[in-house]
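The values are calculated or read from the model by the stated rules, or taken from the named source; none is laboratory data. Predicted model, so just to flag it, every value in this text is computed and none were measured. Note that we place each Cβ from the backbone using ideal geometry, even for glycine, and neighbour counts take in every protein chain shown. These area figures cover heavy atoms from the full protein model, side chains too; ligands, DNA and RNA do not enter into them. Shrake-Rupley method; radii C 1.70, N 1.55, O 1.52, S 1.80 Å.
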Amino acid sequence: MDWNEELLKKNLAGKFLGHKLYYYPETGSTNDEAYRLGLAGAEEGTVVIAGSQTKGKGRLARSWHSPAGSNIYTSLILRPHLTPAVAPQISLVAGVAVAEVLEQYCPGKVELKWPNDVLITGKKVCGILAQMKMSGSAVDFVVLGIGINVNIGADQFPEDIRKIATSLAVSTGRGIFRLELIISLYENLAKWYKKLLQNGFASIKERWLSLAPMIGQNVQVMFLDEKVSGRVLDLDEDGSLIILTAKNEKLKISAGDATILKE
Ligand code: BT5
């Protein structure tokens, strides 16, 4: 086994992210667990890790394939002093932090796809799901959920995602030590999160853009039944994508799934 509760606790003791750790061999969703802990007052930096999830969640009621034994399913509780409007910046911070850590395993192959996917050679290796709890007009806490396909084999993905999903092991051709990976992940995430709180969004945006080949490209963004397309101009302060349509209209898109259109 490449990690267990005891090793995780020993290695994360005293760290900003992970000093308080809940490990479940199996749970419904680490985001649900973390949300429950957040409501009960759990402090910032508390993390939940699961060996598998029976109801792993994506956005818009989609699911996250979460089999046992090989991957990372984790959720963190953060209590940032940010206005709710800019809280989506936390998801972008997570994307940057994950992408940088995965780059160490697969140099030159990792990229970000708006709003929250991390891809290796164009296939999804990680999904990020942030949920916010408000208190009055302020942010009470944010649950930041991260799922990374680490050692799952290509043929272990369900049929419907086999073509779009990959794992670190598939991409590198070797087994990955999850303990080492999750420790680097929390450290890098803590670094970028502190940067966001201390210096603001500019440095996060710059790094995000350097990892996302979407700027300047023509994209199509789908949200529920709506479809819009245009050229990506920028990433806004609140995490929205700003695009210019063929009719020269500037649109700000705050949710959806973007695909780069081939010329
Ligand atoms: C996401 O949603 O990508 C967010 C996924 C967040 C998962 C983590 S795991 C820890 C924490 N606890 C949870 O319950 N959730 C978080 P979205 O952008 O909606 O993408 C979901 C889509 O990705 C699905 O509809 C599938 O097409 C695809 N998918 C599902 N499982 C996948 C996997 N393991 N690897 C790659 N793609 C997957």
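Quick notes on this structure:
- At q = 0.14, 0.19, 0.20 Å⁻¹ the log10 of I(q)/I(0) for the stretch 41-200 amounts to -0.68, -1.24, -1.36, computed by Debye summation with a single uniform scatterer per C-alpha, solvent ignored.
- Sequence-distant contacts, meaning Cα pairs under 8 Å at least 6 residues apart, place the relative contact order of the chain at 17 percent.
- Here the sum of -39500 (n - 2.57) over DSSP H runs of 4 or more residues, divided by the residues of the chain, equals -8500 deg cm²/dmol at 222 nm, to the nearest 500.
- The stretch 15-80 - share of DSSP beta bridges that are antiparallel (%, nearest 5): 45 percent
- Per residue accessible area of the chain, 1.4 Å probe, in Å²: 47 Å²
- Longest to shortest principal axis, alpha-carbon extents of the stretch 144-233, angstrom: 38, 38, 22
- Å³ per residue enclosed by the Cα convex hull of the stretch 1-96: 121 Å³
- Length-normalised contact order of the stretch 118-263 in % [C-alpha pairs under 8 Å, at least 6 apart]: 13 percent
- Among 247, 123, 205: highest mean-square fluctuation, GNM of the chain, C-alpha pairs under 10 Å: 247
- Label-point gap, in nm, between residue 228 and residue 245 - each point 7 angstrom along Cα→Cβ: 0.7 nm
- Scanning residues 5 or more positions from residue 124 or on other chains, those with amide H under 5 Å from its amide H are 165, 166, with H placed 1.01 Å from N in the peptide plane.
- Of all complete DSSP H helices in the chain, those with a Cα span along the helix axis of 20 Å or greater and a mean Kyte-Doolittle hydropathy of 0.0 or more are 89-105.
- Between the residues 144, 169, 77, the greatest Cα displacement towards the positive end of the dipole of the chain, with unit charges on the Cβ of Lys, Arg, Asp and Glu, is found for 169.
- Carbon + sulfur, % of accessible area of the chain - ligands and nucleic acids excluded, 1.4 Å: 51 percent
- Sequence-distant lysines (8 or more away, or on other chains) whose Cα lies within less than 27 Å of residue 123: 55, 57, 109, 113, 163, 191, 205, 227, 252, 262
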